[in-house]
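Here is the structure we will look at.
Rule-based calculations on the coordinates, nothing more; no lab input. Here the structure is a predicted model, which is why all the values come from computation and not from measurement. Here Cβ is always computed from backbone atoms with ideal geometry, including for glycine, and neighbour counts include all displayed protein chains.
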Amino acid sequence: MRDNGKRITLAGALSIFFSAAVAAADLRLVDAARNQDPQQVRTLLNQRVDVNARSGDGSTALLWAAHWNAVDTAALLIRAGADPNAANDFRMTPLSQACTNGSATFVDLLLKAGANPNTPVATGVPPIMTCARSGSLDAVRRLVAGDADVNAKEPSQNQTALMWAAAEHHPEIVRTLIDSKADLRARTKSGFTVLHFAARVGDIESARLLLAAGVDINTRSQPEPAPEAAPEAAPPAAPVTDGPTPLLVATLRSQVPLAIFLLEQGADPNLAGAGLTPLHWASATWENGTANPVYGFEEPMAGIADRRAKLQLVKALLARGASPNARMTRPKPAFAGGFTDARGATPFLLASSVDDVEMMRLLLAAGADPKLMTETNTTAVMAAAALNHPVGESPVTEKQALEAVRFLLDLGVSAGGVTTFDENALFGPAYRGWNTLLELLIEKGADVNVVSKAGVTPWLAASGYGDRLGGVLYNKEGADILARRGADPKLGRPCQAQNKCR
């Protein structure tokens, strides 16, 4: 095919044809609905224009009426023969649009006109999920009465309407969906249940309804198994089968009232499905670059910011039997900052890592053993002295650290010893410039000439020849203190990395 001497492909010809067809179509009705002009809509309908004409993106006048929640206009269009199931190029239907607006009246009008209650939009989300999220109880009830599938799932994460209702704090919709036989055991691809969703946002009323309906209060997230790898590929990592409980999710999200409610209802505080218990998280803070009061940022995933609520939850956990000597079985969650040597840590050691003496006393009174170490042999004194805790992620001062270290020393925790990386308690204050603490630890027996596996000594760390994991670049006063106390500047080798020298 040629046009003005140029060859036109079949695809190009079809594009020209459809463009011309759209241009030739009478789009006045679509424009009137889009412009919210009901009088023009009525006039055009009296002229018998095509009520189902589509604009360039496939939108009809009825879809635009749904967008603006123009019920009277929509009724006129439907009486004139508008197709209630006509979707645009994004597969948005009038019914899904009405659910986006939370308009029960519009939903009812469309269903009576023959709208399919289960047609999803392009992302796979069905109308009932959108209505549940919007919070319109009457709209959800009308969809249920119209045979909408209450257990329909969107394909991205397999979430359901019940989950979306809980996630948006809509307990009355949760109740309606429960009564409509929604699947209470449904899980997302990551393994979360509806109770996890309620816990995440602190929806106590929805949690109460779910527990009354028989949901297991200690249910753990169970992600779908990873797809099998091709024979030539590396074997997949073992799937995580013991994820967080709703109690842990509530604790991680700082939803203290809900966490306490779950404890009162019998939640087990010692389940450590994600590698830690709620007491581990509540006993410390977990600042990072995007959740750090030092930088002016605060958000729930950095620990419980409300001090009163934090202590209330810790006391409630201990009263319900939470173990103060439980060990973390995995590294800290990927989203968490703060203390970097968490595997094997107890709640007491984590409280020590942020120099929270009040918390340490509370855990000690509940039976915490202050001498327990992490898997790398980090002691509570080392943690309190800032070892394995980047300075840029901690609002702790030297004064607080001195109080915590002295408290630990009085409990009989040694200032000596080394980790499996051959680091000792002097590295933290050497990097940070906490020189009063440095002298205290030396007096209490910390070795000034320990050489880490990376070849770094406390003197090298203070002199600016260690890594750059936070702290001062050059702590001359600290280096001089170490030299006076017998540090050999010829030991070790510089390791000026941007990450930990290991």
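In this Cβ point-charge picture (+1 for Lys and Arg, -1 for Asp and Glu), the chain has a dipole of about 440 debye about its Cα centre. Positive contributions from Lys and Arg (+1) and negative ones from Asp and Glu (-1), summed over other residues with Cβ under 10 Å from the Cβ of residue 400, come out at -3. Protection proxy ranking for 379-389, 109-119, 456-466, 133-143, using the average of other Cβ atoms within 10 Å per residue and placing the highest first: 379-389, 456-466, 133-143, 109-119. Short to long, the 10 Å bins of the Cα pair-distance histogram for the chain hold 4, 16, 19, 16, 14, 12, 9, 7, 3, 0, 0 percent of all pairs.
Listed by chain and number, the lysines whose alpha-carbon sits under 18 Å from that of residue 476, ignoring those within fewer than 8 places in the same chain, are 490. Among residues other than residue 380 with Cβ under 10 Å from its Cβ, the summed charge is 0 (Lys and Arg +1, Asp and Glu -1).
Given axes a ≥ b ≥ c from the Cα gyration tensor, I'd like to know whether the stretch 115-199 is rounded (a/c under 1.5), prolate (a/b larger than b/c) or oblate.
Here the stretch 115-199 falls in the oblate category.
Straight-line reach from residue 315: taking Cα to Cα under 29 Å and skipping same-chain neighbours fewer than 8 places apart, the lysines in range are 332, 371, 399. Toward the positive end of the charge dipole of the stretch 312-381, with +1 on the Cβ of Lys and Arg and -1 on the Cβ of Asp and Glu, the farthest Cα among 349, 373, 312 is that of 312.
Under 15 Å from the Cβ of residue 57, count the other residues' Cβ atoms, weight Lys and Arg +1, Asp and Glu -1, and hand me the total. Counting the neighbours of residue 57, the net charge comes to +1. About its Cα centre, the dipole of the stretch 73-204 is roughly 200 debye, where the only charges are +1 on Lys and Arg Cβ and -1 on Asp and Glu Cβ.
Between the Cα long axis of helix 398-410 and the first principal axis of the chain there is an angle of about 60°, rounded to the nearest 10. Per-residue 3J(HN,Hα) values for the stretch 157-169, derived from phi via the Karplus relation 6.51 cos²θ - 1.76 cosθ + 1.60 with θ = phi - 60°, read 10, 6, 7, 10, 4, 4, 5, 5, 5, 5, 5, 10, 6 Hz in sequence order (x marks Gly and Pro). Sorting the segments 29-41, 246-258, 347-359 by their mean number of nearby beta carbons within 10 angstrom, highest to lowest, gives 347-359, 246-258, 29-41.
Here's how it looks for residue 303: its modeled amide H is under 5 Å from those of 286, which are all 5 or more places away or on a different chain. Kirkwood analysis of the stretch 415-466, using all unique Cα-Cα pairs, places the hydrodynamic radius at 10.6 Å.
Computed as a quarter of the hull surface, the mean projected area of the alpha carbon convex hull for the stretch 23-65 stands at 2.6 nm². In this rough spin-label picture, where each label sits 7 Å from Cα along the Cβ direction, the residue 42-residue 453 distance is 8.2 nm. Between 73, 165, 60, the Cα set farthest toward the positive side of the dipole of the chain (charges on each charged residue's Cβ, about the Cα centre) is that of 60.
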